[in-house]
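Asks: Here it is, the structure in full.
The values are calculated or read from the model by the stated rules, or taken from the named source; none is laboratory data. These numbers were taken from a predicted model, which means no experiment stands behind them. Cβ sites come from the backbone with ideal geometry, for glycine too, and all protein chains shown count toward neighbours.
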Amino acid sequence: MYKSRSSQADSPVAVVGAGPHGLSAAAHVRHGGLEPIVFGDPMAFWRDQMPAGMLLRSSPRASSIADPERKLKLGDWATTYGKAVTRPVTVEDFLAYGQWYQRQAVPEVDPRMVRRVSRANGAFELGLEDGDVLHAARVAVAAGIAPFPRVPEVLRELPAEVLSHASHHDDLAKFAGSRVAVVGTGQSALESAALLHEAGAEVVVISRAADVWWLRGPSGRRFHWPTAPTDIGGRVTSWLSASPDLFRRLPRAKQPAVAFRCIRPAGAHWLRPRMGDIPIRFSTTIESARADGHGVRLELSDGSTEAADHVLLGTGYEVDVRGYPFLAPELVARVRCVDGQPALDAGLQASVPGLYFVGAPAMYSFGPLLRFVSGTEFAARMVTRHAMRGATPAWSAAGHTVELQRAAR
């Protein structure tokens, strides 16, 4: 439920997006004494773009959306409803948890779509889908990764009937009886392949990698070097990524290597037994693709071909905030970006004063933690701290000088 606001209404903070990062930011701002207005369909990405039966790669300890009083963790939801938190967590449970979190922490969410965010008279003007217009002193963009599925160039001309991204489906059972070529060997690709196989599809996985990188499960050893509770990275990199301020201060040349070790394509340990009967074409790339009748024919780098009814991409995302359709061109042109990702100050503020980015777009500045639910605590806390200041802090980009000069050219 939400209270309707009249045209030309003002708000101290507007949050665009109602997924985990948007809800957490709004909850923290609200707890700090400002009443934000939140736009979006709560947890829509998890409801509509995650396949039934999916399991979270993150463990339960890393799957709680941060709230300022630490009373709305995944375990608190489970206790409320007399449930046990499974390991791994099912997408259905996480969705129910996120919706419960929203009702508790941010009860009023405006479901209208934001069509345009622009700068006007020292504030932000938000044009909504019904023609209403609101103004906000600050805007936090929490619109997620849905607009940015990575599609290999060689496949971009294929019709949608034979090509889709894993995020385009909430149920893979419709491919039962079909032959599906899955591209990639990260968690999304591997789990999609397993779900397809279990639903009765004939599956082949095509990967340019030489092997699957399987993540370790819980250690049975009495003494071992623990990883950070964020569940991102290894014994050393997990602690670096769990401290975004520390990651931000690493030499820029070192950051990509740390980030890669944290988010390289990999499969959860519990997924491995489910892949036993599925063929994987390693060290193989797709050289060309063409629609062939009701399916597709793929020419592969080893000289062979694969015929399939459908190609499913588990190829991840390429975040580029310039692709958010609601950001006015003249506004986004003022956002200093490196390869499409904004360079942010210590409060996750962009080069446009009062404009913040949380979630995956903040990865360039703060590392891989910001891509995950476990990054909500840092992001929400820092945005709130800066938004609560009487004046919008001056934008600075210590450590980004070289990249910004490159981006400006």
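Asks: Only one of (1) touching an Asp or Glu at 6+ places or on another chain (Cβ under 9 Å); (2) at pLDDT below 95 is not met by GLY293, so which one is it?
Replies: Every listed condition holds for GLY293 apart from (1).
Asks: Next question, about the same structure. Please pick out the residue among ALA181, ALA173 that is hydrophobic (A, V, I, L, M, F, W, C), assigned to a helix (DSSP H, G or I) and under 25 Å from the mean Cα position of the chain (by Cα).
Replies: ALA173
Asks: Still on this structure, I have one more. Out of (1) assigned by TED's automatic domain parsing to the domain that holds SER178; (2) assigned to a loop (DSSP other than H, G, I, E, B), the odd one out for ARG334 is which?
Replies: Evaluating ARG334 over (1) assigned by TED's automatic domain parsing to the domain that holds SER178; (2) assigned to a loop (DSSP other than H, G, I, E, B) leaves (1) as the failure.
Asks: Identify, please: which residue in the stretch 234-291 is more than 30 Å from ALA308 (Cα to Cα) and of a type in the set (Lys, Arg) and is, among those, nearest to the chain's Cα centre (by Cα)?
Replies: Within the stretch 234-291, the match that is nearest to the chain's Cα centre (by Cα) is ARG261.
Asks: Let me ask something else about it. Within the stretch 345-375, work out how many residues are farther than 26 Å from GLY234 by Cα and either without any contact (Cβ under 8 Å) to a residue 60 or more places away in the chain or not assigned by TED's automatic domain parsing to the domain that holds GLU129 (or both).
Replies: Counting residues in the stretch 345-375 that are farther than 26 Å from GLY234 by Cα and either without any contact (Cβ under 8 Å) to a residue 60 or more places away in the chain or not assigned by TED's automatic domain parsing to the domain that holds GLU129 (or both) gives 6.
Asks: Evaluate the following for GLY127: is it surrounded by fewer than 16 Cβ atoms within 10 Å (Cβ to Cβ) and in the same structural domain as PHE372 (by TED's automatic domain parsing)?
Replies: So GLY127 does not fit the description; no.
Asks: What pairs come up if the first residue lies in the stretch 58-70 and is more than 18 Å from THR384 (Cβ to Cβ), the second is acidic (Asp, Glu), and their beta carbons are under 9 Å apart, counting only those six or more places apart or on different chains?
Replies: SER58/ASP231; SER59/ASP231; ARG61/ASP231; ALA62/ASP231; SER63/ASP231
Asks: Take the stretch 335-363 and flag every residue that is in contact with a His (Cβ under 9 Å, 6 or more places away or on another chain) and among the hydroxyl-bearing types (Ser, Thr, Tyr).
Replies: Selection gives TYR356 alone.
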